[in-house]
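The values are calculated or read from the model by the stated rules, or taken from the named source; none is laboratory data. Small disclaimer: the values here were computed from a predicted structure and weren't measured. Cβ sites come from the backbone with ideal geometry, for glycine too, and all protein chains shown count toward neighbours. For accessibility, only protein heavy atoms count, side chains too; no ligands or nucleic acids. Shrake-Rupley method; radii C 1.70, N 1.55, O 1.52, S 1.80 Å.
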Amino acid sequence: MIVSTQTHQAPIKFAYWVPNVSGGLVVSNIEQRTSWDFEYNKKLAQIAEKAGFEYALSQIRFTAGYGAEYQHESVSFSHALLAATEKLNVIAAILPGPWDPAVVAKQIATIDHLTGGGRVAVNIVSGWFKGEFVAIGQPWLEHDERYRRSQEFIEALKGIWSQDDFSYHGDFYRFHNYSLKPKPLKQPEVFQGGSSRAARDMAAKVSDWYFTNGNTVEGIKAQIDDIRAKAAANNHSVKIGVNAFVIARDTEEEAKAVLAEIIAKANPEAVNAFGDAAKQAGKSSPEGEGNWAKSTFEDLVQYNDGFKTNLIGTPQQIAERIVALKAVGVDLVLSGFLHFQEEVAYFGEKVLPLVRELEAGKVALAA
């Protein structure tokens, strides 16, 4: 049977993980022609912009671990990537606790002015790595308290960016007649992640975008339906991004062989250590449904369950799976790659045009 893929939904957007952290996007000893240094990332951003990617997401880590020995700070790095590009939107990851909303609001407003306005965004990360907080002397809150703090953080950011004489009286943050000048030229978009009940409820109240870990189409649809129903009840709207590790090759056999090699050469010590920390964070949600709560060893070889989304195969297979994600409400695919520069370019040349053709109904999708 042939079904039409034409839809009134806006074209799906594409983002990539900025490898500003060493070790790439898989916890594996497989060769990765990816570097965490700036020159590599500058060229990658320019390749991605040309390839049709709209967003790049910089990572935030404060301490070494799980194959990531070195890390560049996200806000500074994002600013540098914005300066090296013309259209790419760069999302700086922000961790409440080490950062205060007033500091972030001022940093991002300045970057917005320095880069022409409208291309800098933030991703508010509620925190999953207890050891990191302990190492830098920050208190570690219980799971739902971390999300409650993040919600206040976002409410404060948006208030500072949009109001003069801003006042706010929360449990974590307080402001008294504070006016930020200059404000951003355009109010930055606010992203967040998570899979738990608390994360979804926060997205349904305050966030512009919600990132979920990789999952099946059915699993993603259940999350989206839940979030959007709750958002509608709050008179709020939120867009959805899903994590995916992309292995696009000329044949399905080649792609599957790469996945098998990544897993076969996984670093068991690093994967298990990451899994212990990550699952502690996921299971600490009251309902036990947070990120990584049910991830297997193989899933954890990719930090954000990216293999589960199954964007692994030929360009045609991947394009069809992306359109299937769009059909259940996904607005953006957040991609990781093994060899970033080469594979982002290949994705832009081979996969993205097929997605656009399927979206436009110029070709049919085999059911």
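Has segment 29-37 got at least one residue that is free of Cβ contacts under 8 Å to residues at least 40 places away in the same chain, of a type in the set (S, T, N, Q) and under 19 Å from SER335 (Cα atoms)? Yes, segment 29-37 contains a residue that is free of Cβ contacts under 8 Å to residues at least 40 places away in the same chain, of a type in the set (S, T, N, Q) and under 19 Å from SER335 (Cα atoms).
The residues of segment 75-92 that are open to solvent by less than 30 Å² (accessible area, probe 1.4 Å), assigned to a helix (DSSP H, G or I) and farther than 24 Å from TYR147 by Cβ, listed by number, are PHE77, LEU81, LEU82.
Scanning segment 8-34 for residues that are among the hydroxyl-bearing types (Ser, Thr, Tyr) and out of contact with any Pro (no Cβ under 7 Å at 6 or more places or on another chain) yields TYR16, SER22, SER28. Each residue in segment 191-242 was checked for being touching a Leu at 6+ places or on another chain (Cβ under 8 Å) and either of a type outside the set (Val, Ile, Thr) or surrounded by fewer than 24 Cβ atoms within 10 Å (Cβ to Cβ) (or both), and 8 pass. Only residues that are open to solvent by 50 Å² or more (accessible area, probe 1.4 Å) and assigned to a helix (DSSP H, G or I) were counted in segment 125-144, giving 4.
Here is the figure for segment 33-61: residues that are in a loop (DSSP other than H, G, I, E, B) and open to solvent by less than 40 Å² (accessible area, probe 1.4 Å) total 7. Here is a check on your reading of the model: is THR63 in contact (Cβ under 8 Å) with a residue 60 or more places away in the chain and in contact with a Pro (Cβ under 6 Å, 6 or more places away or on another chain)? Here the answer is no, as THR63 does not meet what is asked. For VAL90, are the conditions met, namely being of a type in the set (A, V, I, L, M) and out of contact with any helix residue (DSSP H, G or I) (no Cβ under 9 Å at 6 or more places or on another chain)? When the stated conditions are applied, VAL90 does not pass them. Scanning segment 93-106 for residues that are out of contact with any helix residue (DSSP H, G or I) (no Cβ under 8 Å at 6 or more places or on another chain) and open to solvent by less than 10 Å² (accessible area, probe 1.4 Å) gives a single hit, LEU95.
When ALA109 is tested against (1) more than 20 Å from the chain's Cα centre (by Cα); (2) open to solvent by 10 Å² or more (accessible area, probe 1.4 Å), only condition (2) is not met. Meeting the requirement of 3 or more residues that are under 17 Å from the mean Cα position of the chain (by Cα), the helices (runs of 4 or more DSSP H) wholly within segment 303-367 are 315-327.
Across segment 14-28, what is the total count of residues that are in contact (Cβ under 8 Å) with a residue 60 or more places away in the chain and either farther than 29 Å from SER126 by Cβ or open to solvent by 20 Å² or more (accessible area, probe 1.4 Å) (or both)? Going through segment 14-28 one residue at a time, the tally reaches 1.
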